[in-house]
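Please read the structure below before turning to the comments.
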Amino acid sequence: MNNFADSISSSSSDDDGSSDEDDLVLHTLLSVARNRVQQRGESSNIEKRHRISIVRDRMAAHKLLVRDYFAPDSLYDLSKFEDRFRISRNLFLRIARDLENNYEFFQLRWDARGKRGFSTIQKCIAALRQLAYGIVADASDEYLKMSERTRRECTYLFCEYVIELYGDIYLRHPTRNDIEQLYVTHEAKHGLPGMFGSIDCTHWEWENCLNAWRGQFT
């Protein structure tokens, strides 16, 4: 059975670990996922509608996704991937592999009729599109060939499972060492010393500060 690793092995040779920036992005992703899980119960009250069966070419959608983002000569480069999904491709591959290895839902499966299911990357991309853009569940049906119900399930389970996998590390209260590392990382990237959570706490001089605000944050 072809799995996620077989489909994109040629594009993941540089995925050998996680950077500090990936850790920060993953922490943000987990925070968004936790909020989405808390809101899940609200959707259970949506009125059921009559379902119309649509024949979708899932395999063609998977091939298009690989060609666009995961093939060695992909149509869109790494910067485009990060712009559109808010995380690096390396971090995406790390999360997708962990989900595939630990949860049956994110594995490629065939149903009782022998019909091919969605691949790991299709399910993960479906979830990330909703989380990154805040779009409705069926907004990318034409591209991913996935129904609204399936996309919603992908998003909910993606959120639940990434919290199970990484929550103990990234959703715990920060230690003093964690905070010091965040200070250093933020100053190195943005040039703002003392930044943590609120710009009011930065030690940054504003040459043209309004007179009405002068001295408020010192």
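Highest mean packing first, where packing is the average number of other Cβ atoms within 10 Å per residue, the peptides 121-128, 32-39 line up as 121-128, 32-39.
Listed by chain and number, the lysines placed with their C-alpha closer than 26 angstrom to that of Lys115 are Lys48, Lys63, Lys123, Lys145; residues fewer than eight positions away on the same chain are left out. If R0 is 41 Å, the Cβ-Cβ spacing of Tyr76 and Ile179 corresponds to a FRET efficiency of close to 0.70. Local charge for Leu171 was computed over the other residues whose Cβ lies under 15 Å away, with Lys and Arg +1 and Asp and Glu -1, and equals -2. Taking a Cβ cut-off of under 12 Å around Met146, the surrounding Lys, Arg, Asp and Glu residues balance to a net charge of +2, with basic ones at +1 and acidic ones at -1. Each peptide among 154-161, 110-117 gets the average number of other Cβ atoms lying within 10 Å of its residues, and from highest to lowest they stand as 154-161, 110-117.
Every number in this text was worked out from the coordinates using simple rules, so none of it is lab data. Please read all numbers here as calculations on a predicted model, not as lab measurements. Heads up, the Cβs are rebuilt from the backbone with ideal geometry, glycines too, and the neighbour counts pull from every protein chain shown.
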